[in-house]
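Remarks on the structure that follows.
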Amino acid sequence: MKDSMEKTFERMNITQFQHNLISWFIKEQRDLPWRKDSNPYKVWVSEIMLQQTKVDTVIPYYDRFLEKFPTIETFAAADDESVLKIWEGLGYYSRVRNLHSAVKEVVANYGGSVPDTPEEISKLKGVGPYTAGAVLSIAYGKPEPAVDGNVMRVLSRILLIREDIAKASTRKVFETAVRELIDHDHPSYFNQALMELGALICTPTSPACLLCPVREHCSAFAEGVQSELPVKTRKKKTRHVDLVAAVLKNDKEEFIIRKRPNKGLLASLWEFPIVERNSQFEQSKLALASYLKQDLQLDTNLENGAFIKVDHVFTHLTWTIDAFAGEIDGMVKGDNGYILVTKKELEEYAFPVSHQKIWKAYKKHSKNDTERFIDK
């Protein structure tokens with residue numbers, strides 16, 4: 001692979017490639033909020049948000065985040081609950097937990113200045129090779145590679161790289177390629193242009209080769225194999241779990257919720273009572289009633305029928321949740337982590353998307369029930 005790539009570089013006019021790519025980017029780049037400011041903290045936030053998340057989804061979160069935490073110091077001083085709340089719905093919550101820890105370290109050990117060397121920035125929690133390269137090149141103008149999925153797809157076609165991009169070891173191949181190709185005078189534009197090209201032109205399926213500014217440099221296009229690249233092994237099979245949840249309130253209009261463990265899936269987020277539906281209780285309502293009685297020691301009055309069914313997809317896991325409404329009698333007992341909160345208080349806590357959907361549907365369900373009662 002090394003020899004073949006070197007031969008490709010020998011054939012390429014790298015200076016012309018840089019010029020064509022960057023000129024296109026300057027003219028055609030999307031108007032995105034994080035491109036208006038090269039402040040290292042803001043670049044860092046945007047790059048963490050953009051990991052595994054679409055640009056259109058990130059934009060409002062980015063704007064709200066910086067409105068609440070405009071400086072690295074304000075974010076470092078924030079409590080965990082407000083950090084999770086501002087991230088609520090964006091998913092992959094370990095991103096923001098790691099970012100928060102790393103920002104605290106920057107404020108404590110670097111005087112609030114994000115490190116500007118690969119060695120130092122890579123020591124921060126959650127900062128991998130891509131994030132380090134993106135911050136160093138975009139914020140500091142350092143000629144460091146920032147290799148994400150878009151970049152690997154683009155370069156696999158341009159350089160005819162047939163290494164499996166699903167393998168972690170392959171990233172080094174592309175980092176080496178970027179170091180050979182990067183424009184040392186404009187590393188920020190170069191890295192962003194590769195990403196933008198992958199997002200707009202050199203897409204996963206049906207790449208728009210006739211619109212590509214670097215088509216004349218593309219080995220895959222020359223050989224007509226652009227649709228065969230990149231090489232990527234299939235993802236693991238997903239596991240499916242059926243769950244049952246309940247929105248329960250007492251006679252004081254208080255709702256029962258609990259905080260998930262501080263490690264693992266959806267760590268530290270809040271949720272309504274929820275249990276897996278197993279073979280012992282095929283019916284959702286029976287499974288839920290048994291759990292509430294045995295584990296929470298609660299006597300409940302559950303409505304007939306789930307008021308919503310929620311499907312949620314993780315990377316290698318899918319959930320289907322039947323959600324019921326009901327009332328509880330008595331206090332929450334046992335050391336189970338559950339608390340009672342008012343409706344107003346509940347909406348201050350950070351919930352995963354699936355439980356946000358449940359709560360939204362419950363409020364609509366309750367409103368409809370009230371209107372039907374009034375009509376009678």
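The values are calculated or read from the model by the stated rules, or taken from the named source; none is laboratory data. Bear in mind that the values here come from a model prediction, so they are computed numbers and not experimental data. All Cβ positions, glycine included, derive from the backbone under ideal geometry; neighbour counts span all protein chains shown.
The set of residues from region 78-102 being of a type in the set (A, V, I, L, M) and assigned to a helix (DSSP H, G or I) comprises 83, 84, 86, 96, 99, 102. For residue 59, are the conditions met, namely being among the aliphatic types (A, V, I, L, M), over 17 Å from the mean Cα position of the chain (by Cα), surrounded by fewer than 20 Cβ atoms within 10 Å (Cβ to Cβ) and part of a helix (DSSP H, G or I)? For residue 59, the condition - among the aliphatic types (A, V, I, L, M), over 17 Å from the mean Cα position of the chain (by Cα), surrounded by fewer than 20 Cβ atoms within 10 Å (Cβ to Cβ) and part of a helix (DSSP H, G or I) - is not met. Just one of (1) under 23 Å from residue 165 (Cβ atoms); (2) part of a helix (DSSP H, G or I); (3) not basic (Lys, Arg) fails for residue 66. It is (1).
Residues are listed down the side, and each one gets a yes or a no for (1) surrounded by 14 or more Cβ atoms within 10 Å (Cβ to Cβ); (2) over 26 Å from residue 266 (Cβ atoms); (3) modelled with pLDDT of 95 or more:
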| site | (1), (2), (3) |
| --- | --- |
| 42 | yes, yes, yes |
| 46 | yes, no, yes |
| 63 | no, no, yes |
| 72 | yes, yes, yes |
| 85 | yes, no, yes |
| 97 | yes, no, yes |
| 104 | yes, no, yes |
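Each residue in region 161-210 was checked for being assigned to a helix (DSSP H, G or I), out of contact with any helix residue (DSSP H, G or I) (no Cβ under 8 Å at 6 or more places or on another chain) and within 16 Å of residue 134 (Cα to Cα), and 2 pass.
Given 199, 267, which one is in the same structural domain as residue 305 (by TED's automatic domain parsing), among the small types (Gly, Ala, Ser) and within 27 Å of the chain's Cα centre (by Cα)?
The match here is 267.
Just one of the numbered conditions (1) touching a Lys or Arg at 6+ places or on another chain (Cβ under 9 Å); (2) in contact (Cβ under 8 Å) with a residue 40 or more places away in the chain; (3) part of a helix (DSSP H, G or I); (4) under 20 Å from residue 35 (Cβ atoms) is not true of residue 156: (4). When residue 115 is tested against (1) in a helix (DSSP H, G or I); (2) surrounded by 19 or more Cβ atoms within 10 Å (Cβ to Cβ), just one condition goes unmet, and that condition is (1). Of the residues making up region 337-357, those that are farther than 10 Å from residue 256 by Cα, surrounded by 17 or more Cβ atoms within 10 Å (Cβ to Cβ) and not basic (Lys, Arg) are 349, 350, 351, 352, 354, 355.
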